[in-house]
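Structure, as structure tokens:
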Amino acid sequence: MLRKLAAPLLLSLFLALPASAQGLPGLTSVGVKGGASFATLRGDAPDQDLGYKTGFVGGIYGQAEFIPFFTPRIEVLYVQKGASTDVQPDPNLPGGLEGSYNIDYIEIPVLAKVNLPIVNRVFPSLYVGPYIGFPVSQGFEVDDGDEQLEDDFPDDSFSTDYGLVIGTDVDFTFAGKALTLSGRYDLGLANIADDDIFAGDDDIRTGTFMVTLGFGI
């Protein structure tokens, strides 16, 4: 159900946020952002070497400036998380295949952004804050070089994620357009995996780097 509602929810928020910005005191800017996620799962998964997988991140944000150098921000993002792993289809065959755990989240970070001094029309900043993420799609995918085989997990295999965001923004102008280049790390604090996924492991958490480019609307 959540997977079917994810796209309409993001579209509704995308259309509503600019109008809300004009009507809410203190909400000074809204924008859209998109980029790449580099995700893994942290924990002691038996007999598996979990690595990073590349995915997509995109969404909308709104921020306000109540006092100089400080900007609260809230975002609604679609984030592809999970991890890569090696798959051995047959112990009698050499080599292996590459697989990935794919867990897509609707994520809501609430951030405190500290703006640093101006440097030649470039405006750097640092931010930190909590996030919560609701899973909308989860499965396992194997790439054998010729085709990709996908298998969906039950909806409760991976649960709600929450944690801490630490990152930096660089605001700048290009061709008359205000842009924001951002890099961050999501430190997952929730144990998200059902015991059956990793053979009884009881401590599987997310860890995700994200690089995005945003612009005001």
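Only the coordinates and a few stated rules stand behind these numbers; no lab work does. Note that the structure is predicted; figures quoted are calculated from it, not measured. All Cβ positions, glycine included, derive from the backbone under ideal geometry; neighbour counts span all protein chains shown.
How long is the gain from residue 69 to residue 97 if the chain were fully straight, where each residue apart is worth 0.36 nm and the alpha carbon distance is subtracted?
Answer, rounded to one decimal: 5.1 nm.
What list do you get for 98, 141 if you sort them by fewest beta carbons within 10 Å?
By the 10 Å Cβ count, ascending, the order reads 98, 141.
So what J values fall out for the range 181-189 if you push phi through Karplus, 6.51 cos²θ - 1.76 cosθ + 1.60 with θ = phi - 60°, rounded to Hz, Gly and Pro as x?
3J(HN,Hα) across the range 181-189, in whole Hz: 9, 10, x, 8, 10, 8, 9, x, 10.
First select every other residue whose beta carbon is under 9 angstrom from the beta carbon of residue 59; then total the charges, Lys and Arg +1, Asp and Glu -1.
Counting the neighbours of residue 59, the net charge comes to -1.
Taking R0 as 25 Å, what FRET efficiency do you get between residue 185 and residue 116 from their Cβ-Cβ distance, rounded to the nearest 0.05?
Efficiency for this residue pair is about 0.85.
By how many nm would the segment from residue 126 to residue 178 lengthen if fully extended, with 0.36 nm per residue of separation less the alpha-carbon distance?
So the extension gain works out to 16.9 nm.
Show me 63-71, 109-117 ranked by packing, highest mean number of other Cβ atoms within 10 Å first.
109-117, 63-71
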